[in-house]
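Heads up, the thing below is written out as structure tokens.
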Amino acid sequence: MATLSVIFRYPVKSMGGESLEAAWLGPAGLPGDRGWALRPEGGGSVRGAKRYPSLMAFAARYEDAPVPGAPAPGVRLEAPDGQVRGSRDPDLAAWLSAQLGEAVALDASNPTTPFFDDAPLLLMTEASLQALEAMVPGGGEVRRFRPNLLLSGTGAGFPEEDWLGRRFQLGEAVLKVSKRCPRCIMTTLGFGGVPAEPAVLTTLRRARESCLGVYLEVLRPGRVQRHDALHWLKEEEI
């Protein structure tokens, strides 16, 4: 039986995240997920690791627990060299700019529209990571792909891609598998002990139409926790 093995939340877009024992899933995903992001100093669109690859080596942790529908709480950032700053520190922008070599500022999202790319929740299976690892040694490291929910106990291969359009219950939440997740150059970057590996993306392009993992839509909000079992639903059960 498929079960929820890990819950991940990423306080800052493109930075390392937190592993949680339990979380609330709502229309905007996990409260606090991608609650902060970097912008060029003076304004402009938010930027992630495509622009600043070294962000993947930063760690981010919330100072307080995020609340659904509320602004993201303060966050602590740790650079690869071990230096730490908080979102309330007056020298944060200057520190980040020096770390990245470009003038940037940390910005909080609107609580209803976090800084995710395409959808608020990303699900992957341990099986798909193992299958990719068999194709590209070192390529199946979960930190490359930044899922929110990681399942164990599924069939082999890439099972989540067979679930498109299906609905299931996980803990209190009811979710729908909406679409595949296309991958980008971020999956090839090296950081924090993860080696740079261009073959990850070239292999996904060749074998998986550049996709790995699936996006979810929240049909009924609710709490989930590690080891919750996945239960498939029929249309009349929703």
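For segment 198-212 versus segment 102-134, the inter-centroid distance based on Cα atoms is 18 Å. Taken as Cα centroids, segment 150-165 and segment 2-63 sit 24 Å apart, rounded to the nearest whole angstrom. In segment 81-166, inverting the average of 1/r over every pair of distinct C-alpha atoms gives 16.3 Å as the Kirkwood radius. Normalised by the number of residues in segment 35-108, the average gap of Cα pairs under 8 Å and 6 or more apart makes the relative contact order 34 percent.
What the Kirkwood sum gives for segment 35-108 is a hydrodynamic radius of 12.7 Å, with every pair of different alpha carbons counted. Quick one: grab the alpha carbon gyration tensor of the chain, order the square roots of its eigenvalues as a ≥ b ≥ c, and give me rounded if a/c is under 1.5, else prolate or oblate depending on whether a/b is larger than b/c. Verdict is oblate for the chain.
Rg over Rh for segment 30-75 works out to 1.00, both radii taken from alpha-carbon positions and Rh defined as the Kirkwood radius.
Values in this text are rule-based calculations from the coordinates and carry no lab data. The structure presented is a predicted model; accordingly, all values stated were derived computationally and were not measured.
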